[in-house]
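The values are calculated or read from the model by the stated rules, or taken from the named source; none is laboratory data. For clarity, every value in this text was computed on a predicted model and none was experimentally measured. Positions of Cβ are generated from backbone atoms using ideal geometry, with glycine treated the same way; all protein chains shown enter the neighbour counts.
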Amino acid sequence: MGIMVAAGALLCQTAALADIVTMTLDQPSTPAPYGVYVDPYPITVVASNPPSGLLQLSCDDYFTEIGVGLTWTANRFLLGQLGANTPKFSVSVNSEYSVQNEYDAAALLVVDMLQNPSNEVDDSYALWDIFSPTTPPSPPEGIDPKAVTLAGNELLFAKRAPPVYLYNEVYIYTPSPLTASQEFLGFVPEASTLAFLAFNFLVLLGVAIIVRKRITI
C-alpha cells in the first residue's frame, strides 16, 4: 500500500510539471485603433506534447515588447497546475485577489476574445489591466471605462466562482528566462466545455445585473 501511495504521489507531481516548449511569433496580431496590436497573437509552438503548431495565444504583459520572427523557450502548464509552477506574475498585483484569482480572470478574458472577436480590444486591455495596472488607457485620450470595468468584473467572478471547468483547457506559457518574452495564455476547448461556457456566460450576466442593482440601491 505504501508503495502504491508513493507511486501515485509521484505521478501527480510529474503531471504538474511544466512542458518546455519553443515559441515563435510568426506575424503581428490585429492592429487596434491608436496603433496597438491586441490579442490574440499567431504563434508557432513546437512541443513534444499537444497542443502544438500555429496557435492563437494572448499575452498578459503590456510592457514587454517582442518582434516578428523572435523565438524563445517557455515553460507550459495548465491553469489548474498554477500552484505547482511559477508564472511570470507570481505575486498578486491586487491584494484583494490571489494569484489564482488573477490568472482565472485572465483565462475568462482569453476565452471570451477567442469566441467573440469583436471584443478583442476591450478584452485585451482588461487582461493587461489585471497584471499591469499602469497600462495606458484605451483610447489614449481617456480611460476606457468598459475595459476597466471588465477587468474588475472578471476578477470578482473568478474569486466568487473559480472557473474550474477551464483548469484543464487553458495553458500558461511562461517565458524562460522571464525577460525573454511576454507571457501568453492559450485555450484548447473540449466540446463539452463550449456548451458549458455558453450557459456560464448567462449565469455571470445575471450575477453582474444583481451586483449592479445592489450597488446602485
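Could you list, in sequence order, all residues of the range 152-171 that are assigned to a helix (DSSP H, G or I) and either crowded, with 21+ Cβ neighbours inside 10 Å or without any contact (Cβ under 8 Å) to a residue 12 or more places away in the chain (or both)? So that I can check it myself, show each step before the final result.
Filtering the range 152-171 down to residues assigned to a helix (DSSP H, G or I) leaves 152-160, 164-166.
The answer is 152, 154, 155, 157, 158, 166.
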Among all residue pairs at least 6 apart or on different chains, which show Cβ distances below 8 Å where the first residue, located in the range 180-193, is over 17 Å from residue 41 (Cα atoms) and the second is at pLDDT 70 or above and not acidic (Asp, Glu)? 189/111; 193/165; 193/166
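A quick yes/no check of all residues on (1) at pLDDT below 90; (2) over 22 Å from residue 189 (Cβ atoms); (3) hydroxyl-bearing (Ser, Thr, Tyr):
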position	(1), (2), (3)
6	yes, yes, no
14	yes, yes, yes
37	yes, yes, yes
47	no, no, no
52	no, no, yes
94	yes, yes, no
102	no, no, no
109	no, no, no
Matching residues in the range 48-79 - criterion: being within 12 Å of the chain's Cα centre (by Cα) and outside any strand (DSSP E or B): 60, 61, 79
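Checking the conditions here, which among 94, 101, 85 is farther than 13 Å from residue 151 by Cα and surrounded by fewer than 22 Cβ atoms within 10 Å (Cβ to Cβ)? Full working, then the answer.
Numbers: 94 fails: farther than 13 Å from residue 151 by Cα; 101 fails: farther than 13 Å from residue 151 by Cα.
Of 94, 101, 85, the one residue that is farther than 13 Å from residue 151 by Cα and surrounded by fewer than 22 Cβ atoms within 10 Å (Cβ to Cβ) is 85.
Hey, among 71, 44, 86, 24, which residue is without any contact (Cβ under 8 Å) to a residue 24 or more places away in the chain and out of contact with any helix residue (DSSP H, G or I) (no Cβ under 8 Å at 6 or more places or on another chain)? Walk me through how you get there before you give the answer.
Numbers: 71 fails: without any contact (Cβ under 8 Å) to a residue 24 or more places away in the chain; 86 fails: without any contact (Cβ under 8 Å) to a residue 24 or more places away in the chain; 24 fails: without any contact (Cβ under 8 Å) to a residue 24 or more places away in the chain.
Checking each option against the conditions leaves just 44.
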